[in-house]
Amino acid sequence: MTTWVDPVYKIYDFIAAAAQMGFSYIEIKTDYPLTTLIPNEKFRIRIKQLLETFKVKPIVHAPYYDVNISSLNSKVRKASIESVIDSIKFAHDIGAKIVTLHPGNLPSDYSPSYYLENARAALKDSLFEIIKVASEYSVIIGLENKQKSKNHQIIWTPEDHLYFVEGLSSKWLKITYDVGHAFTVGNDVVSYFKKTHMYIVNLHIHDNHGESDEHLVPGSGNINFHELVDVLKKYNYGGPIILEVKSISGLQRAKMFMNSLGIF
């Protein structure tokens, strides 16, 4: 499961809800308002205590609102890297072993013919800096593939993913595979998993109709989760599976659906 910025459910309540529903992992987003709480030592200690009390393992999702580690603006990129590093330190403090990271993008006003390679180079430089810090804190970076959008995304395909993960070749850089994102771009979600499975440390599950990032309950859109679950079992995937849906009631329905396929 994961957290959403939801005024109804605060992070403390969400951890308790995760335990009550029988989840073993929770992915904590570090965008606002959590951004303002992370520097607070009492907050970090309290989160760790709750996780240990409820026996829920944490994953941290690095911030992505107003963050772009592929930015061609060096000042923006520097600030974005600093924000990611804050989430790595937070992950270490609460006992999380994985930080999910969005790769950033090239804004739609830029011509990809001229500037996409510059953005890819910027991302590579950013990842190099981030990995160095991640290694110091023994935290694995799970680089996530992105969805269809008006901006030019840097990681859309398994080949994009492998270019960075294999190119940087670090045990601290792996893959968070977002199935819903992959489907919006027209990827075969099963083929994507097969091509990248050796690097996948985290799996994001949600559904859509193939056109936009809807974050629907699995089974509500057009993704064939029966085929996906079959391949997960065939390849003995044993890592975290995070359900990214928009409400607690949706989370309950998502868990029931995945249970019916033999997951959780």
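Among the residues of the range 137-146, write down those that are surrounded by 13 or more Cβ atoms within 10 Å (Cβ to Cβ) and either outside any loop (DSSP other than H, G, I, E, B) or out of contact with any helix residue (DSSP H, G or I) (no Cβ under 6 Å at 6 or more places or on another chain) (or both).
Residues satisfying the conditions are ILE140, ILE141, GLY142, LEU143, GLU144.
If you check SER260, SER212, SER247, SER220, which single one turns out to be closer than 28 Å to ALA18 by Cα, surrounded by fewer than 22 Cβ atoms within 10 Å (Cβ to Cβ), small (Gly, Ala, Ser) and in contact with a helix residue (DSSP H, G or I) (Cβ under 8 Å, 6 or more places away or on another chain)?
Just a single option satisfies the conditions, and that option is SER212.
Mind checking which residues of the range 88-97 are under 16 Å from the mean Cα position of the chain (by Cα) and either acidic (Asp, Glu) or more than 17 Å from LYS55 (Cα to Cα) (or both)?
Across the range 88-97, the qualifying residues are ILE88, PHE90.
With respect to the numbered conditions (1) open to solvent by 40 Å² or more (accessible area, probe 1.4 Å); (2) in contact (Cβ under 8 Å) with a residue 40 or more places away in the chain; (3) part of a helix (DSSP H, G or I), which one is the sole condition not fulfilled by SER149?
Checking SER149 against (1) open to solvent by 40 Å² or more (accessible area, probe 1.4 Å); (2) in contact (Cβ under 8 Å) with a residue 40 or more places away in the chain; (3) part of a helix (DSSP H, G or I), the one that fails is (3).
What are the residues in the range 88-134 that are out of contact with any Gly (no Cβ under 8 Å at 6 or more places or on another chain), of a type in the set (D, E, K, R) and outside any loop (DSSP other than H, G, I, E, B), if any?
LYS89, ASP93, GLU117, ARG120, ASP125, GLU129, LYS132
Residues checked against (1) under 23 Å from MET1 (Cβ atoms); (2) touching a His at 6+ places or on another chain (Cβ under 6 Å):
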{"position": "ILE154", "(1), (2)": "no, no"}
{"position": "ASP178", "(1), (2)": "yes, yes"}
{"position": "ASP188", "(1), (2)": "no, no"}
{"position": "GLY210", "(1), (2)": "no, no"}
{"position": "HIS226", "(1), (2)": "yes, no"}
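Tally the residues that are part of a helix (DSSP H, G or I), open to solvent by less than 40 Å² (accessible area, probe 1.4 Å) and either within 13 Å of GLY142 (Cα to Cα) or in contact with a helix residue (DSSP H, G or I) (Cβ under 8 Å, 6 or more places away or on another chain) (or both), restricting the search to the range 155-167.
So the count comes out to 5.
What are the residues in the range 105-134 that are surrounded by 15 or more Cβ atoms within 10 Å (Cβ to Cβ) and of a type in the set (A, V, I, L, M, F, W, C), if any?
LEU106, LEU116, ALA119, ALA122, LEU123, LEU127, ILE130, ILE131, VAL133, ALA134
Looking at the range 42-79, which of its residues are of a type outside the set (S, T, N, Q), under 27 Å from LYS124 (Cα atoms), without any contact (Cβ under 8 Å) to a residue 40 or more places away in the chain and not in a loop (DSSP other than H, G, I, E, B)?
PRO58, LYS75, VAL76, LYS78, ALA79
Determine whether THR3 is within 30 Å of GLN153 (Cβ to Cβ), open to solvent by less than 20 Å² (accessible area, probe 1.4 Å) and hydroxyl-bearing (Ser, Thr, Tyr).
In short, yes.
Based on this model, can you work out whether LYS233 counts as over 15 Å from the mean Cα position of the chain (by Cα), open to solvent by 40 Å² or more (accessible area, probe 1.4 Å) and closer than 27 Å to LYS132 by Cα?
no
Please work out which one of (1) within 21 Å of HIS215 (Cβ to Cβ); (2) part of a loop (DSSP other than H, G, I, E, B); (3) not hydrophobic (A, V, I, L, M, F, W, C) is the condition PRO39 fails and give its number.
So PRO39 meets the others, but not (1).
Every residue in the range 13-23 that is closer than 15 Å to ASN259 by Cβ and either surrounded by 20 or more Cβ atoms within 10 Å (Cβ to Cβ) or modelled with pLDDT of 95 or more (or both), please.
Within the range 13-23, PHE23 is the sole residue that qualifies.
Within the bounds of the range 188-207, is there any residue that is surrounded by fewer than 18 Cβ atoms within 10 Å (Cβ to Cβ) and either in contact with a Cys (Cβ under 6 Å, 6 or more places away or on another chain) or within 17 Å of ASN105 (Cα to Cα) (or both)?
no
Identify, from the list VAL56, VAL99, VAL67, the residue that is in contact with a Ser or Thr (Cβ under 7 Å, 6 or more places away or on another chain) and more than 17 Å from ASN202 (Cβ to Cβ).
When all the criteria are applied, what remains is VAL67.
The values are calculated or read from the model by the stated rules, or taken from the named source; none is laboratory data. None of the values given here were measured: they were computed from a predicted structure. Note: ideal-geometry Cβ built from the backbone for every residue, glycine included; neighbour counts use all protein chains shown. Remember, those area values only see protein heavy atoms, side chains included, never the ligands or the DNA or RNA. Shrake-Rupley method; radii C 1.70, N 1.55, O 1.52, S 1.80 Å.
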